[in-house]
Structures are given as C-alpha cells and as structure tokens.
Amino acid sequence: MSPFPNPGGPSLPTGVKPLTEGEPRRVGPFRVVGRLGSGGMGVVYAALDDHDRRVAVKRVHRVYADDAEFRARFAREVALVQRVRAACVPWFLGADVRAEVPWLATEYVPGPTLNEYVRTRGVLDGALLVAFAVGVAEALTAIHGVGVVHRDLKPGNVILSPEGPKVLDFGIARAVEETALTHTGGLVGTPRWISPEQYGGASASDRSDVFAWAGLVCFAATGHGPFDADDTDATIARILSEPPRLEGLSEALRPLLERALDKDPAQRLGAAQLLAETAGLLLARAPDAVSHEEGGDLVLALGKAWSVPCATGKENESWVAHAPRRRPRVFGRRWLPALGAAVIALVALVGGGIGLWNFQVGTENNDQEADAVADAEGDVAENTSAEEAEPDGSPKEPLEDVPEEYRELYETGSVVVEPDEDDPDFLVRKRVSEDGTQELEEIRLAAEPTPREPDSEIHAVVIEYLLDFGQAEVRTSDFGWAPVTQTGEFLEFERLEQSSVNVIGPENPTTKATVSSLEGTNSGVLHYVPRVVTDDDDRVPADHPGVLPQRWEPEQP
C-alpha cells in the first residue's frame with residue numbers, strides 16, 4: 001500500500017479496496033483513494049475532487065487504451081453520455097479520451113449493488129420493488145434518449161442508494177464491444193443478462209437493455225434470473241428457446257416482464273413505455289405521496305416509496321485521510337516568508353539549473369539492483385550530448401509535456417525547497433516565478449520516523465509526485481547530512497554519493513528513497529538539497545530550509 005497517507009491512520013472507507021503497486025494516485029484532476037471494483041472494461045476508483053467531493057473514476061484497461069479505433073469510439077460515446085440527466089443516473093463529471101489511459105468520472109453513489117443487497121438482506125417486494133423497476137426504467141429512458149445503449153445492465157451495475165436505484169457503468173460498453181468484435185469476434189457482456197438476439201449475432205440495441213431490465217426486476221423480486229440454470233451453457237439455451245420463470249412476481253408486474261422478455265426484440269416495449277407503465281403502478285400504490293397535477297411528481301413518488309436502509313455515505317473524513325493532497329495549481333502569493341525570499345534570490349543568481357525531469361532518487365535496492373541502476377545511469381550519460389545538457393551536466397529539461405498554463409513558469413521560474421505550509425513534517429519542492437508571485441508544487445518529501453531496523457544506518461525518505469503530467473528523477477546525491485549544531489554562514493554539509501535512480505510520475509507517484517548515515521556519524525540532520533539551490537561551489541546556506549524533520553540518532557550499543 002502507498003506510504004501516503006500514514007498507514008497507521010484511519011482504515012479505508014467501507015467498500016473501498018487498497019491500491020496495488022503501480023496503480024495511480026491521481027487520474028486527471030481527481031485524487032485516488034482506493035479501488036471500488038473492476039470488470040471486463042476497466043477499473044473503477046474511489047476518488048476526491050479538489051473540493052473533497054466523492055467521485056467514481058473508471059479507467060479503461062490498457063489493452064483498449066492502445067487501440068486508436070477504441071479511442072475514437074470512446075470519444076463518441078462520452079460526447080453522448082455527458083448529455084444524460086436523470087434522477088437514477090449518477091451525475092457526469094468529466095472524461096479524458098486523449099489521456100494515456102482514457103477515463104470517465106461520475107459522482108460517487110454510496111450503497112450496495114442490487115447483487116450485494118439481495119445476497120445479504122433479501123429480495124425487494126411491494127412498493128419498494130415497483131420503485132426499483134421505475135428507477136431503472138427512468139435511467140434507461142434517459143440513456144436511450146441521447147442515443148446510448150447500456151449493453152451491460154446487470155445486478156452489479158445498479159446501486160441501491162439512499163435516494164433510489166442508480167444505474168452505473170454505461171458509456172464505455174459500446175466502444176469496448178465494437179473493439180472486441182473487430183479484433184476477436186467475441187461478445188461483450190454477462191451471459192445471464194445478454195438478450196437472445198445478441199446470441200444470434202445481432203448488435204445490442206435499446207430493446208436488449210429492456211430485456212436486461214426485466215431480468216433485473218425478476219432478480220430483485222426472487223433472487224434469481226428468469227433463465228438461470230446450473231451452468232452457463234444451460235442458461236444460454238433457456239434464453240434462446242425457453243419461456244422465462246416468473247414465479248413469485250406480482251400479477252401487476254408479470255405482464256410487463258413477459259413482454260420485455262420476448263425473444264423477438266420488436267415485440268418488447270421501449271424504456272419510455274416501461275417507465276409510463278411502472279410509474280402508473282407506483283402512483284397507484286402511493287396515491288398520497290405525490291401531487292396529481294400534470295401526472296404527479298414521479299421523483300417524489302419514488303423517494304416516498306424508497307426505503308432501502310443503506311449507508312448514507314458520511315465517510316468523507318476517511319476518504320480525505322487516504323487521498324493524496326489536493327491537486328497543485330499555480331496561484332498568486334501575497335507574500336513570501338523572509339527565508340523563502342532569500343532562497344529565491346539565491347536561486348535567481350544561480351540560474352534555472354536542474355529541471356523537474358532531471359531529479360534522481362535512490363530506492364530500497366539490494367546491491368544487485370543498485371548495480372543495475374548504476375549501469376543504466378552510465379547509459380544515460382553516454383547518450384546525452386553536449387547540446388542536450390545543462391551546464392552542470394544534467395540532461396536538458398524538456399518542455400513538450402508541460403501544459404500551456406505552466407510553460408512560462410518552467411521557462412523562466414526557479415526551484416525552491418521549503419517546509420510544507422500545511423504540514424511542517426514534510427518538505428515541498430516547487431517552481432516559483434521570477435517575480436515570486438506564482439508557484440507550483442512538484443514533489444513532497446518526508447523522512448520515515450524510524451530506521452527500518454533498530455541498529456540500521458540506512459534510512460528511508462518517502463517521496464510523492466504531485467503533478468498529473470511529466471515525471472521526475474531524484475538523485476541520492478540530492479540528499480546529505482549535517483551536524484546538529486552549526487556555526488558559520490554555510491552548513492558543514494556532506495552529500496551522499498550518486499548511486500541509484502528512481503523515476504516517479506502520475507502513473508507511479510510515490511516511492512521510497514534509501515539514504516545512509518555517513519561513516520563515523522553518530523547523529524546529524526538529513527537535508528534535501530538539489531544542487532540548483534546552492535551556489536557555484538555547492539555551498540549550502542546555514543539557514544537552508546530543506547531539513548527533513550526527523551533527526552537520526554542511531555541507538556548506542
């Protein structure tokens with residue numbers, strides 16, 4: 001699990017699984033908290049926006065991200081999906097079809113899926129069942145109204161939220177299905193909920209979603225699908241040739257379900273017709289719940305009939321505790337602390353120096369890994385021409401990945417290291433404009449509170465990448481030790497030797513660097529001092545703010 005936030009803090013929110021190595025901590029403008037689930041199309045992450053509002057972000061699987069045809073299809077679907085507005089559909093928040101891995105974000109909906117609810121709490125009945133049928137029909141009406149077909153409607157894609165059922169996971173299925181058909185001839189979907197015409201080779205249509213709607217209502221009422229059998233092949237055979245099993249369904253709903261489950265899609269009602277029919281049943285069951293002017297208020301009726309005792313979603317504190325810090329952005333500075341201003345003045349004298357992409361960091365490597373990294377460093381050095389290098393020998397900073405809004409800051413600004421204003425246990429490395437009025441945080445660092453072993457002289461520094469573009473390399477030689485007690489204008493500072501490199505970026509935004517105590521050093525202060533903030537002789541001012549707060553005092557034997 002990621003070292004940010006502190007693993008000793010609050011447990012993960014209900015329903016959120018920990019991230020695995022290599023999973024992103026940021027997707028677009030959203031800060032990832034954990035994983036909500038995954039399927040054939042992609043992975044869904046729990047995330048927060050910059051206002052700490054909860055968000056569900058779906059990233060497609062990389063196999064689709066590398067397909068140009070998929071990207072074009074996905075872009076078309078997103079253009080349609082963002083027009084969907086319905087009470088029983090999560091609010092669309094954004095998408096990026098050109099990202100390295102395309103994604104789509106909606107509001108987070110708390111509550112169990114229909115599958116989870118039926119498995120743990122039992123089936124729906126009475127007005128609650130009718131309200132479920134109405135809500136899913138309302139969602140399909142809105143989805144079909146903009147030209148989208150869901151294609152993967154199943155119990156795991158409907159959340160029983162405090163406000164009513166919410167239909168999830170539409171907007172990617174068509175792009176995935178057409179890509180799969182193009183490349184493999186395969187059929188996308190869940191066998192129990194696929195319509196007979198799709199098994200016959202026809203494309204999914206709005207009437208295919210209606211078929212799945214009827215299956216969901218049957219499952220909600222009885223705990224099984226209308227064609228369930230002992231195995232998948234037998235289930236498919238029933239879908240193709242046998243009538244549905246609707247025992248236990250109310251006489252009011254049964255005729256609608258029978259028609260919606262007709263083998264011939266042309267004989268099925270459309271979603272709008274289903275909505276009208278089921279809404280009539282709901283209003284008949286709850287006549288006092290609504291005003292009957294102009295047909296009554298369907299949303300109010302749904303809310304009055306809905307009584308699912310599920311989570312209210314009041315878990316924001318836990319989400320915030322497990323999310324990265326808010327997305328960094330350029331902002332004006334009304335003032336600068338005297339110390340920070342002095343550092344900026346010093347940096348201005350030195351020049352632009354090493355850029356964001358030119359940091360290198362040591363990782364927790366064994367000797368063999370360190371040797372491999374050193375070999376890689378040699379390869380990089382051999383392939384860096386004089387024209388591509390900065391005066392200090394580091395590779396020249398590329399700007400092609402820098403968004404336009406930050407380009408001037410990167411071209412003319414300077415690098416500053418100072419304590420994090422929000423948490424003094426951390427350092428931040430940031431870009432500051434020439435006049436000191438704008439800044440952009442790039443990376444954040446903190447020393448772990450204890451050595452990995454009681455007698456160890458190897459210590460860990462946790463590093464977090466804060467941007468959603470580019471990447472960074474941090475060097476072990478950017479760290480060094482100084483005695484606790486200092487006299488004079490400059491630190492008695494000794495850098496660590498250059499030994500290894502670790503690249504961090506949006507896809508792998510956290511890492512640990514290993515740093516060792518200097519031979520013969522009994523105690524000292526660990527500093528983060530990239531050479532760009534020193535003078536030409538690599539001297540470190542005595543008041544340099546790059547102190548990692550933890551003081552290492554190895555235990556005496």
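The values are calculated or read from the model by the stated rules, or taken from the named source; none is laboratory data. Since the structure is predicted, the reported quantities are computational estimates derived from the model, not experimental observations. Neighbour counts are summed over all protein chains in view; Cβ atoms, including those assigned to glycine, are modelled from backbone coordinates with ideal geometry. We work out accessible area using only protein heavy atoms, side chains counted, and drop any ligands, DNA or RNA first. Shrake-Rupley method; radii C 1.70, N 1.55, O 1.52, S 1.80 Å.
The slack between T120 and E258, meaning 0.36 nm per residue of separation minus the straight C-alpha distance, is 46.9 nm. For the stretch 212-286, applying the loop criterion from DSSP together with a ceiling of 12 other beta carbons within 10 Å to the GluC sites (Glu not before Pro) yields E247, E251.
Derived scalar couplings between HN and Hα for the stretch 469-481 equal 9, x, 7, 9, 10, 10, 9, 4, 6, 7, 10, x, 10 Hz in order, rounded to whole Hz, by the Karplus curve 6.51 cos²θ - 1.76 cosθ + 1.60 (θ = phi - 60°), x for Gly and Pro.
Given R₀ = 30 Å, what would the calculated FRET efficiency be for E492 paired with D422, taking r from the Cβ atoms and rounding to 0.05?
Numbers: r = 31 Å, r/R0 = 1.03.
So the FRET efficiency works out to roughly 0.45.
When peptides 94-100, 25-31 are sorted by average Cβ neighbour count within 10 Å, with the highest value leading, the order is 25-31, 94-100.
Once backbone amide H atoms are built at 1.01 Å from N, V529 has F479, G480 as its partners under 5 Å, excluding neighbours fewer than 5 places away on the same chain.
Put Y64, Y406, Y199 in order of accessible area, largest first, 1.4 Å probe: what do you get? Walk me through the numbers before you get to the answer.
On the way: Y64 35, Y406 10, Y199 60 Å².
Largest accessible area first, the list is Y199, Y64, Y406.
Taking every pair of alpha-carbon atoms in the stretch 1-132, what share in percent sits in each 5 Å bin, from 0 to the bin with the longest distance? Once binned at 5 Å, the Cα pair distances of the stretch 1-132 give 2, 9, 16, 20, 18, 15, 11, 6, 3, 0. Among the listed pairs K17/K58; K58/K154; K58/K430; K17/K430, which have their C-alpha atoms separated by more than 22 angstrom in this model? From the list (K17/K58; K58/K154; K58/K430; K17/K430), the Cα-Cα distance tops 22 Å for K58/K430; K17/K430.
Accessible surface of the stretch 197-248, 1.4 Å probe: 45 percent of it comes from carbon and sulfur atoms. Taking amide H positions as modeled 1.01 Å from N, with prolines and chain starts lacking one, the residues under 5 Å from F490 and 5 or more places away or on another chain are A542. Length gained on full extension, E251 to A266: 3.1 nm, using 0.36 nm per residue less the C-alpha separation. Each Lys and Arg contributes +1 and each Asp and Glu -1, all at the Cβ; summed about the Cα centre of the stretch 1-140, the dipole is approximately 40 debye. Taken as Cα centroids, the stretch 61-125 and the stretch 222-282 sit 25 Å apart, rounded to the nearest whole angstrom.
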